[in-house]
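The block underneath contains the structure these notes are about, expressed in structure tokens.
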Amino acid sequence: MARRNSYEHTVTAGFTPVSIPVLDVPTDALSAPSNDDLISSGISFWPTGAAWGSPDGEAVSLRSVFARFTRVLLSPFEWLYARSWRLALESSAQTLSETLDGWEADYGLPERCFLGEQSATQRLTALRRKVNATPISVPEDFVRLASDLGFEIEIEEPCIFECGFSECGSYHPVGSPTEETYWIVRVKGASISYFEIGTSQAGEDRLFALGEAEQILCLLRQHAPGWALPILQPWIYLDYLTTEDGTPIIDEYGNQILVTIDP
């Protein structure tokens with residue numbers, strides 16, 4: 001997913017999917033019973049005898065008026081058993097459904113960086129990440145985090161020009177060593193807007209904006225290590241130069257040549 005070597009920038013544009021184990025939810029006959037499941041047990045609670053529809057200990061007919069009356073009494077218990085089982089599942093972040101708002105309130109969600117609506121799946125993914133304390137420490141984790149929220153990003157860690165190692169005109173930019181604390185985030189499909197003379201308004205419109213992409217940048221900065229600072233740039237494509245038959249083109253030192261491709 002990431003290309004790492006000593007002479008070029010490190011670019012991470014993918015991640016290894018995390019498999020979520022399927023939780024085996026325990027159930028039994030009373031998890032969501034029907035009236036037919038309860039009628040036999042319900043009749044057994046009544047006394048025996050002719051007055052109760054069971055003369056000489058005979059079994060009560062399920063078609064009798066007394067059995068139909070018992071079915072009416074049991075009807076609320078169908079709902080009660082199913083509802084109790086459903087609420088019991090709300091005690092786990094893996095099986096919750098109805099109490100999502102309450103869980104989010106307890107864990108400080110949804111993230112303040114996001115102003116728009118998120119799907120229930122995205123909200124549950126964010127909650128389970130918080131509950132499980134899923135680590136977010138390497139570039140691949142940040143790419144996965146963005147993907148969970150519907151963003152496709154790539155992260156580039158710049159390699160600054162080094163005297164005695166880099167070459168003039170090479171891929172290494174000139175700058176302070178402290179610039180290596182920055183890592184560049186590119187969001188695919190981000191809409192770019194600029195301040196336009198005669199159209200935009202000073203104090204209202206920004207000089208440069210990346211729209212919704214700035215929301216994911218806000219979240220990445222929350223999770224970024226203290227010494228690192230993510231910054232946004234427009235999406236570009238990087239690839240190695242090759243000949244028509246796919247043979248890599250190399251420089252005089254045997255290094256493959258990496259170039260920028262316009263999207």
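Of the numbered conditions (1) within 22 Å of the chain's Cα centre (by Cα); (2) loosely packed, with under 13 Cβ neighbours inside 10 Å; (3) not hydrophobic (A, V, I, L, M, F, W, C), Glu214 fails exactly one; give the number of that condition.
The single condition Glu214 does not satisfy is (2).
For segment 47-90, how many residues are more than 53 Å from the chain's Cα centre (by Cα) and either under 18 Å from Leu30 (Cα atoms) or aromatic (Phe, Trp, Tyr) (or both)?
Number satisfying all stated conditions: 2.
If the requirement is being surrounded by 15 or more Cβ atoms within 10 Å (Cβ to Cβ), of a type in the set (A, V, I, L, M), in a helix (DSSP H, G or I) and touching a helix residue (DSSP H, G or I) at 6+ places or on another chain (Cβ under 7 Å), which of these qualifies: Leu89, Leu96, Leu38?
Leu38
Of all residues in segment 98-155, which are closer than 21 Å to Lys188 by Cβ and hydroxyl-bearing (Ser, Thr, Tyr)?
Ser119, Thr121, Thr125, Ser147
Please specify each residue of segment 200-239 satisfying the condition of being among the aliphatic types (A, V, I, L, M), farther than 21 Å from Pro135 by Cα and in a loop (DSSP other than H, G, I, E, B).
Ala202, Leu207, Leu210, Ile236
Output the residue which, of all residues in segment 41-85 that are farther than 30 Å from Ser97 by Cα and of a type in the set (S, T, N, Q), is surrounded by the fewest Cβ atoms within 10 Å (Cβ to Cβ).
Ser44
Of all residues in segment 216-253, how many are out of contact with any strand residue (DSSP E or B) (no Cβ under 9 Å at 6 or more places or on another chain), farther than 30 Å from Ile136 by Cβ and either at pLDDT 90 or above or of a type outside the set (D, E, K, R) (or both)? Please lay out each step first, then the result.
We begin by selecting, within segment 216-253, every residue out of contact with any strand residue (DSSP E or B) (no Cβ under 9 Å at 6 or more places or on another chain); these are 218-219, 222-223, 225-227, 243-247, 251-253.
Adding the requirement that they be farther than 30 Å from Ile136 by Cβ leaves 243-247, 251-253.
Then keep just the ones that are either at pLDDT 90 or above or of a type outside the set (D, E, K, R) (or both); that gives 243, 246-247, 253.
Residues flagged as out of contact with any strand residue (DSSP E or B) (no Cβ under 9 Å at 6 or more places or on another chain), farther than 30 Å from Ile136 by Cβ and either at pLDDT 90 or above or of a type outside the set (D, E, K, R) (or both) within segment 216-253 amount to 4.
Within segment 19-33, track down each residue that is aliphatic (A, V, I, L, M) and either at pLDDT 85 or above or in contact with a helix residue (DSSP H, G or I) (Cβ under 7 Å, 6 or more places away or on another chain) (or both). Break it down into steps so the answer makes sense when it comes.
Applying the first criterion (aliphatic (A, V, I, L, M)) to segment 19-33 yields 20, 22-23, 25, 29-30, 32.
Result: Val25, Ala29, Leu30, Ala32.
Select from segment 225-250 the residues that are in contact with a Pro (Cβ under 9 Å, 6 or more places away or on another chain) and free of Cβ contacts under 8 Å to residues at least 60 places away in the same chain and list them in ascending order.
Pro234, Ile236, Tyr237, Tyr240, Leu241, Thr242 - these are the residues of segment 225-250 that are in contact with a Pro (Cβ under 9 Å, 6 or more places away or on another chain) and free of Cβ contacts under 8 Å to residues at least 60 places away in the same chain.
Mind counting the residues in segment 103-135 that are out of contact with any Cys (no Cβ under 9 Å at 6 or more places or on another chain), surrounded by 15 or more Cβ atoms within 10 Å (Cβ to Cβ), of a type in the set (A, V, I, L, M, F, W, C) and part of a loop (DSSP other than H, G, I, E, B)?
Counting residues in segment 103-135 that are out of contact with any Cys (no Cβ under 9 Å at 6 or more places or on another chain), surrounded by 15 or more Cβ atoms within 10 Å (Cβ to Cβ), of a type in the set (A, V, I, L, M, F, W, C) and part of a loop (DSSP other than H, G, I, E, B) gives 1.
Please determine, by comparing only the residues of segment 3-18 that are modelled with pLDDT of 85 or more and of a type in the set (S, T, N, Q), which one is nearest to Pro230 (Cα to Cα).
Thr12
When you go through Phe114, Phe77, Phe69 one by one, which is the residue that is over 28 Å from Ala32 (Cα atoms) and of a type in the set (A, V, I, L, M, F, W, C)? So that I can check it myself, show each step before the final result.
Details: Phe77 fails: over 28 Å from Ala32 (Cα atoms); Phe69 fails: over 28 Å from Ala32 (Cα atoms).
After ruling out the rest, the residue left standing is Phe114.
Residue check: is Ser119 polar (S, T, N, Q) and either in the same structural domain as Ala213 (by TED's automatic domain parsing) or farther than 30 Å from Gln222 by Cβ (or both)?
no
Does Arg86 fit the bill of being farther than 30 Å from Val138 by Cβ, free of Cβ contacts under 8 Å to residues at least 40 places away in the same chain and in contact with an Asp or Glu (Cβ under 8 Å, 6 or more places away or on another chain)?
yes
Just the residues that are under 30 Å from Ser91 (Cα atoms) and among the charged types (D, E, K, R), please, taken from segment 26-67.
Within segment 26-67, Asp28, Asp36, Asp37 qualify.
Of all residues in segment 185-199 being in a loop (DSSP other than H, G, I, E, B) and in contact (Cβ under 8 Å) with a residue 12 or more places away in the chain, which is farthest from Leu232 (Cα to Cα)?
It comes out as Phe195.
The values are calculated or read from the model by the stated rules, or taken from the named source; none is laboratory data. Only a predicted model underlies this, so the values are computations on that prediction, with no experimental measurement involved. Note that each Cβ is placed from the backbone with ideal geometry, even for glycine, and that neighbours are counted across all protein chains shown.
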